[in-house]
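Since the structure comes first, as structure tokens, the remarks are kept for the end.
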Amino acid sequence: MPVLPASGAAMTALLSAAGITLRHGQNAVLENVSLEITAGEIVTIVGPNGSGKSSLLRVLIGALTPQAGTVTRKAGLKIGYVPQKLHIDPTMPMTVRRFLDLPKRVDTDAAMQALMTAGVPETANRQMTQLSGGQFQRVLLARALLGKPDVLMLDEATQGLDQPGSAQFYRQIEEVRRDLGCAILMVSHELHVVMSASDRVICLNGHVCCEGTPDVVSAAPAYRELFGTGTGGALALYRHEHDHHHHHEDAQ
Amino acid sequence: MLDDFMFRAGLAALGVAMAAGVLGCFVVWRRMAYFGDATAHAAVLGVAMALMFGWSIFAGVGLVALTMAVLIYGLTGRGQSVDTILGVLSHGALATGLVAVTLIPGQRIDLDAYLFGDVLTVTRMDVAIIWGGAALVMGVLWAHWTALLTATLNPDLASASGINPRREHLILTLLLAAVVAVAIKVVGALLITALLIIPAAAARGFARTPEQMAGLAAALGAISAVSGLRVAVMLDTPVGPTIVCVAAGLFGVGTGVVKLRSVGV
């Protein structure tokens, strides 16, 4: 099975998880999962429903405590988190501008800049509950960017967007990485769109099935067993040139 | 002025209503109404204990409300539906309290005073304790405002920002117990939740941010307290329920105004 080693030890990891095992009652959700994220790379976790993708992300941000294993963060690591869903109770009034002030107040210029980067400058004075699905996700992205994160984590960030919408969203993510230089860890089930935008893909199904560049993973037997061969063609279709060289440095 | 019982009653009602108004926003946002009920109902048991052991009412109620609040906090941490268990605890505590009060030897107790409040009899000391408690609640809310708000919005978002959402939940729980303790003499165990929820609910339609809602809820609480007291004295009705009636009236008017505005009148 063509499994690339995780990023070389020489690269300093921003965030690493070692031997994570997480159980909900009797069910093992994650089994001995290890991964590492180094500065500036885009890593995508793919896997079928119930494969523990979201749980893994929640372990990494500290919302879930695993039964075994450790999460190591670089000192002072700032995480920007875009959750899968954010339900704002209708009893809570919340303008977009005020939302961007959580958890820290930001000045209005910075807030407008973040909305611009996320592509929704017109929403500043709207109520969060009045936004469309796409606008909402972009506001979540803008908020995550305001913390100047070292790692941006997106959990199924394009849920509810149509395919052109999510393709556009991921292009924006690449721009964010280019402009801010932060590492990006995404969880997604939209294989073709996501994989073409990633430096490294981790295929998860309770454990790490395989890991490597998109080409390597999509050719891996374990991946094909999970997702079939059909997505190989889709990957080629959406493939576009990267103007950077992270995966060449990372892989050996 | 503090010699005037009306002035003392007004001050006591004002302090409780404002603190409850602000804290009540979190109760509404987090859907903790039943949680508030259970904590408040436990207060009757606290009254019984205070009378039995000769403690101050505030101490007895505070202790039992705190115990109840922490108990519920522990149960909600396990991720199971707590609706039923809250119902059991809430009414179990209320019934136990009612029975316990009648078992206290050698005393005939005016139970109504603890169920519906008796603000006209508050002493200077009571007023001092009520304002101390209200100031403590407001101060903690002020200091933790952003963390509480983030944790209320989404626990994972809070975790990712280094805020422990469970800790913030515990803080709200303790504040709730504190409000119950200071509110028992003003509105009584049965109507404390009303003072938490109604001003916040009335403020919702007029607020664009959480801060506006909290400020407005405190103001509406204050208006309800002062005018409720006046109306009660005028009509010779019980003060606690009258305050809640005024608050409910404000809610009704507010809801009407919002409805009319939304259809463009």
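Quick look at the numbers
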| read-out | value |
| --- | --- |
| Buried area at the A-B interface (accessible, heavy atoms, 1.4 Å probe, summed, Å²) | 2200 Å² |
| Rule-of-thumb Rg ratio for segment A:85-147 [Cα; 2.2 N^0.38 Å; N residues] | 0.99 |
| Under the span-like rule (Cα at least 24 Å along the axis, Kyte-Doolittle mean at least -0.5), DSSP H helices of chain B | B:5-29, B:33-53, B:57-76, B:83-103, B:124-153, B:165-183, B:210-235, B:239-262 |
| Pairwise FRET efficiency - residue B:227 versus residue A:85, Cβ, R0 = 56 Å, nearest 0.05 | 0.85 |
| With DNA, RNA and ligands ignored, accessible area of residue B:246 (1.4 Å probe; Å², nearest 10) | 30 Å² |
| Area accessible to solvent at residue A:104, 1.4 Å probe radius, in Å² | 150 Å² |
| Carbon/sulfur fraction of accessible area - the protein assembly as shown, other protein chains in place, 1.4 Å, % | 60 percent |
| Accessible area per residue, Å², the protein assembly as shown with all protein chains present, probe 1.4 Å | 43 Å² |
| Contact order relative to length of chain B, as percent, for alpha carbon pairs under 8 angstrom and 6 or more apart | 31 percent |
| Reduction of at least 20 Å² in accessible surface, 1.4 Å probe, comparing all protein chains with the chain by itself, residues of segment B:125-168 | B:146, B:149, B:150, B:153, B:154, B:156, B:157, B:159, B:160, B:161 |
| Proximal charge balance of residue B:149 [Cβ under 15 Å; K/R count +1, D/E count -1] | +3 |
| Zone residues, segment B:43-61, relative to residue B:128, backbone N less than 20 Å from point 7 Å out along Cα-to-Cβ | B:55-61 |
| Gaussian network model of chain B, springs between alpha carbon atoms under 10 Å - residue of B:85, B:197, B:184 with greatest fluctuation | B:85 |
| Burial of 50 Å² or greater, segment A:85-121 residues [accessible area, probe 1.4 Å, versus chain by itself] | A:89, A:91, A:92, A:93, A:98, A:102, A:103 |
| Solvent-accessible ranking of B:206, B:58, largest area first, probe 1.4 Å | B:206, B:58 |
| Two-decimal Rg to Rh for segment B:5-190 - Kirkwood Rh, Cα set | 0.99 |
| Point-to-point label distance, residue B:52-residue B:85, nm (Cα→Cβ direction, 7 Å offset) | 2.4 nm |
| Kirkwood Rh in Å, taken over all unlike Cα pairs in the protein assembly as shown | 25.6 Å |
| FRET E, pair residue B:255, residue B:136, Förster distance 22 Å, beta-carbon r, rounded to 0.05 | 0.10 |
| Accessible surface, 1.4 Å probe, highest first, among residues B:94, B:157 | B:94, B:157 |
| Percent RCO, i.e. relative contact order, over segment A:85-147, from Cα pairs under 8 Å lying at least 6 residues apart | 43 percent |
| For residue B:131, solvent-accessible area (1.4 Å; no DNA, RNA or ligand), Å² | 90 Å² |
| Cross-link pairs A:53/A:104; A:74/A:104; A:78/A:148 - those with Cα-Cα distance over 19 Å | A:53/A:104; A:74/A:104 |
| Two-site label geometry, residue B:235 and residue B:120: point separation in nm, points 7 Å out along Cα→Cβ | 1.5 nm |
| Whole-Hz couplings from phi, Karplus 6.51/-1.76/1.60, listed for segment A:78-90; x for Gly and Pro | 9, 10, x, 10, 10, x, 4, 9, 9, 8, 9, 4, x |
| Computed E for residue A:171/residue B:70 - FRET, C-beta separation, R0 41 angstrom, nearest 0.05 | 0.25 |
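The values are calculated or read from the model by the stated rules, or taken from the named source; none is laboratory data. The shown structure was predicted, so the numbers you read here are calculated from the model rather than taken from an experiment. Note: ideal-geometry Cβ built from the backbone for every residue, glycine included; neighbour counts use all protein chains shown. For accessibility, only protein heavy atoms count, side chains too; no ligands or nucleic acids. Shrake-Rupley method; radii C 1.70, N 1.55, O 1.52, S 1.80 Å.
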